[in-house]
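The values are calculated or read from the model by the stated rules, or taken from the named source; none is laboratory data. Everything quoted here is computed from the prediction, not taken from an experiment. Cβ placement follows ideal geometry from the backbone for every residue including glycine, while neighbour counts extend to all protein chains displayed. When the accessible area is computed, the model is the full protein with side chains, heavy atoms only, and any ligands, DNA or RNA have been set aside. Shrake-Rupley method; radii C 1.70, N 1.55, O 1.52, S 1.80 Å.
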Amino acid sequence: FWHTLHPALDRAGPARADSQATGQRVEILTADMTAQPAAPSAAADVEKGTARDWAQQQPTIPRRSQYFCWGKSAGCCPLYVLLIPLLGLVGWLLGVVVGVVVLVVVLIVAILCLCPLCSLLSYEWVWSWWPWYWHVDLYTKLLYLTYQFSLIGKVPPDTSAKYFPIGGIKPKRKLDKYTIDYALNIKVPQGKEEEFVKVNSGGLALWIEDNLAALPQTDRFETFGDDEDPVEYVMKQFGSIYPVIYQTWNDKRSDDALTRFCFYGLGAHRVDSVREDGALRFVVRADVLAGLPVREGFARYGGDAYFDENWRPLKIVDSGLAPLREDAAPEPVVTRPGDPRWEEAKFRFRSSLTTLVTLVDHLYLTHLQSANVVVTAIREQLSSDHPMRRLLMPFTYSTIRVNDNAAHNLVEPRSLGPRVFAFTDRGFQMAFEAAPSLLMGGHEVGAADGGPLLNRERYTTYLKTKRGIDTEFNRQCAKYWAVVREFIEDYMACYYPTHADAVQDEELMAMVRQVGFQYSFAEPVKKLIRDAAAVVTGTEQSYNTVVDVICDFIFNVTAMHEQAGAIDPYAQDASFCSGKWVPGKLVGTYQTASAQGLLMSFASLPMPKLLGADWSHLFPDPSASPKEEPEPQAPQCFGSITQRSPVMPKKPVKALAEFQAALRQLSEEAEAYNKAAKSRSFPECFPLYVLDPRHMETSAAV
C-alpha cells in the first residue's frame, strides 16, 4: 500500500521531505511484501503515475436495517419479496423429484449389493469365532488380506542384472512427494518414482490400501488370561506370513533376561552411563515417553532401567506410574528387584523401550530420515551414470515404495501405527517432534567431546573412553563400519584419484548439501554435513565427512535397520513386549497382539541379502574418463581414527569382491561368538545375532 503511494508522495513536494525518515522505515518494513512483482496493468499505472486515490466514505447515519427485498437497491422491480414464495415452491418441487430419483437409485443399489455386502460382513464377523478369535477391527482384517495377497508367491530378489537392469535406471530429476502426517515437514517421494520395482499406480488393491485409514478406529480391552498363550494366538493368525525368527529367546522374563534385553538385545544401541554415589551405573532409557498422552483405558509408557557395573539390574525408575501433571514433571516411581511390582516394572520397561525403538530408531531414523532423505538426494542430484549413484543402488532398493506405503499405513491417523500403540493423535505428534533429540549413535555427543560423531568407530571409542561403555554390540558395530568404510574408499579411489577430486565433484557435493539441508536432525549434525559440502573445513576433513555421511547411510539401512527392525521375537509375544496394555496387566490386549503381529509380518517381504550381493554390472568403467594416478601418501590421523590417503586405485569389481570377503569373515566371527556364548561368564554369556551380515538386507525396504 505505501509502496503504491510513493509516486503521490513524490508529487507532494515539501511533505515528502518532512516524511523522509518515516518513508525509509516503511520501505524497509515492506521489503518482503513488495518482493513479488505486481500485475502488469497495476505496475504500468504506478510507473506512469496514473493510479487513482479513491475517496473515502462515511457510514449512513442514522443507521437503518436492510433486507435486500425492496427499495431502491432492489433495482427496477422494488418488490422482489413477492417472488420468494414462488422460488421456494419451485425449489421444493425439484427437491421432491431429486429425492424420489435418489431413493430409486438407492433401492436398486441395495437390491444388487446388499446381499454381497452382508456376506462380506458375515465373513468378517466369523473371524472372531473358534479357532482364530480375531479380536480386531475391519481395518486390520482388510490390511491383512491385501498384504497376504502381495506376499504369497513373492520370489526373493537379488542384486543381479535381472532385478537391477541398467535400463531401469531413471534419470536425475525432482521427484513428486507427499508431506506425511505427524512428522514435522518430512516429505517422501510417491511410489511411482521407484526404480527397478514395478509399482502399480492404480487398481482396486492400491485404492483400498491408500484409503483404509478412513475406516473408524475402535479400541478393545479384552486381555489374555494367565493360562493363555499369546504366541500361539498370534501364530494362528499370522503363521503363514510372519517372518522367520533367527533370534532364540527361551528365557524372557527373568532378571538375566532383562540384562540380555538391554546389553545384547533391543536396547544394545541405547546404553548410556551415569555416576551414582561415585559408582558407575549403566542405564537404558524409555522414561522419556512417560509424558506423552495415551488414549483412555490404556497405561502410560515409561521406565529407565539401571544396572551396576557388572550388569546386574538395580532398579527401574518409571514416571508413567505417577499421575500425569501439567504444572510439573511427575514424581517417578522407583521399583527394585524383589519389590512386589518388580515384574510389572520390567514388563512396562520392555514394552516402552520397544515402542521407543520402533518409532524413533526404526521408523524415524532408518526410514524417514536416513533412507528417505539420502535416496531423495541421490535421485535428484546424481546423474543416472554417476559412479556413486551406481554404487548405492542396492542400498536404495525399494525404499521409495516402502516409505510411500508407510505414509499411508504407519504414520497416518487411524492407520496401523496408531492402532498398535496407545498414543493419542497429539501424543503421536509429540513423539515425532521429540525424535531428533532422542537419537543416539553419535548425534548426542557434544562439541566438547568432538561431536557430533557420524563415524561409528570414533563413536565406539568415545563410549569406551568417555562413558565407560564397552559392549560386544559396539565392538561389532565398529568392525562392520570399518569394513564398509574401506569398501567405500576403495571404490571412490577408482573414480577420484585424489580426495580433492571427490570434494570438487559438483553433483556429489550437491547431494551431500541436500542431505544436510533436509535432515531433521539436531542442528550440529546438519551443520557438520553442510560445512563438508561447502568444503569450508578443508579438503581432507570435508572428504572424510562426505565418506562418513555415505557410510552412515549404509550403516543405518543395513545394520541399524536390523537392530531396530528385527523385533519379531518381541512382537510375537504380547507378554514379552506390547505396544499397549491395560493398567496393572503384564500382557497386552488381544487386539494389540494381532496389530503388532501384522506390523511385524510386513518384514516378511523378501529383499536382496547383503552377504553375497554382486551388483558390479552397474559400475561405470573407470577408464572411460582416464585420470592421473596419485602418488602414494602416508596415512593421516583425524581424531582417534587413521584415515587412508589415496593409493594406487583398485578396480571397482575387486573392491566389491574384497568387501564381500570381509563380510564373510565378519559373519564367521559372529557365528563363532554365538556358539561360544554359554562358555563365557555373565554378562557376556549371551548371543548377538543382528550384526551378523548374513542376516542383513541391502536396504531399509521393510
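Table for the structure above
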quantity	calculated
Qualifying residue in the range 578-588 (condition: surrounded by 23 or more Cβ atoms within 10 Å (Cβ to Cβ), at pLDDT 95 or above and closer than 28 Å to L392 by Cα)	no
Scope the range 179-213; condition at pLDDT 75 or above, surrounded by fewer than 16 Cβ atoms within 10 Å (Cβ to Cβ) and either over 22 Å from G427 (Cα atoms) or not β-branched (V, I, T) (or both); matching residues	N185, K192, K198, N211
Answer from D181, D158 - the residue that is in contact with a strand residue (DSSP E or B) (Cβ under 8 Å, 6 or more places away or on another chain) and part of a loop (DSSP other than H, G, I, E, B)	D158
Residue, farthest from R458 (Cα to Cα), within the range 531-559, restricted to residues that are of a type outside the set (A, V, I, L, M, F, W, C) and surrounded by 19 or more Cβ atoms within 10 Å (Cβ to Cβ)	T558
Enumeration of residues in the range 125-155 that are open to solvent by less than 30 Å² (accessible area, probe 1.4 Å) and assigned to a loop (DSSP other than H, G, I, E, B)	W127, W134, V136, D137
Any hit, the range 473-496, residues being within 30 Å of V283 (Cα to Cα), of a type in the set (D, E) and touching a helix residue (DSSP H, G or I) at 6+ places or on another chain (Cβ under 9 Å)	no
Extreme residue, modelled with the highest pLDDT, among residues of the range 596-618 that are surrounded by fewer than 19 Cβ atoms within 10 Å (Cβ to Cβ) and in contact with a Lys or Arg (Cβ under 6 Å, 6 or more places away or on another chain)	L611
Single residue of the range 229-261 satisfying the filter (part of a helix (DSSP H, G or I) and touching a helix residue (DSSP H, G or I) at 6+ places or on another chain (Cβ under 7 Å)) that is farthest from F421 (Cα to Cα)	L258
Listing of helices (runs of 4 or more DSSP H) fully contained in the range 369-461 that carry 3 or more residues being more than 20 Å from P608 (Cβ to Cβ) and open to solvent by less than 10 Å² (accessible area, probe 1.4 Å)	372-381, 416-420, 425-438
Qualifying residue in the range 220-228 (condition: within 28 Å of the chain's Cα centre (by Cα), at pLDDT below 95, assigned to a loop (DSSP other than H, G, I, E, B) and over 22 Å from D318 (Cα atoms))	yes
Residue match in the range 492-507 (condition: among the polar types (S, T, N, Q), more than 16 Å from V271 (Cβ to Cβ) and without any contact (Cβ under 8 Å) to a residue 40 or more places away in the chain)	yes
Near pairs, Cβ below 6 angstrom, 6+ apart or cross-chain, from the range 675-702 (surrounded by fewer than 24 Cβ atoms within 10 Å (Cβ to Cβ) and of a type in the set (D, E, K, R)) to any residue that is at pLDDT 95 or above and not in a helix (DSSP H, G or I)	R694/L611
Condition met for R485 (under 21 Å from Q541 (Cβ atoms) and open to solvent by 20 Å² or more (accessible area, probe 1.4 Å))	no
Matching residues, the range 226-260, being under 29 Å from S150 (Cα atoms) and of a type in the set (K, R)	K236
Matching strands (runs of 3 or more DSSP E) fully within the range 269-353 where at least 1 residues are open to solvent by 40 Å² or more (accessible area, probe 1.4 Å) and either free of Cβ contacts under 8 Å to residues at least 60 places away in the same chain or within 29 Å of G441 (Cβ to Cβ) (or both)	271-276, 279-285, 313-318, 333-335
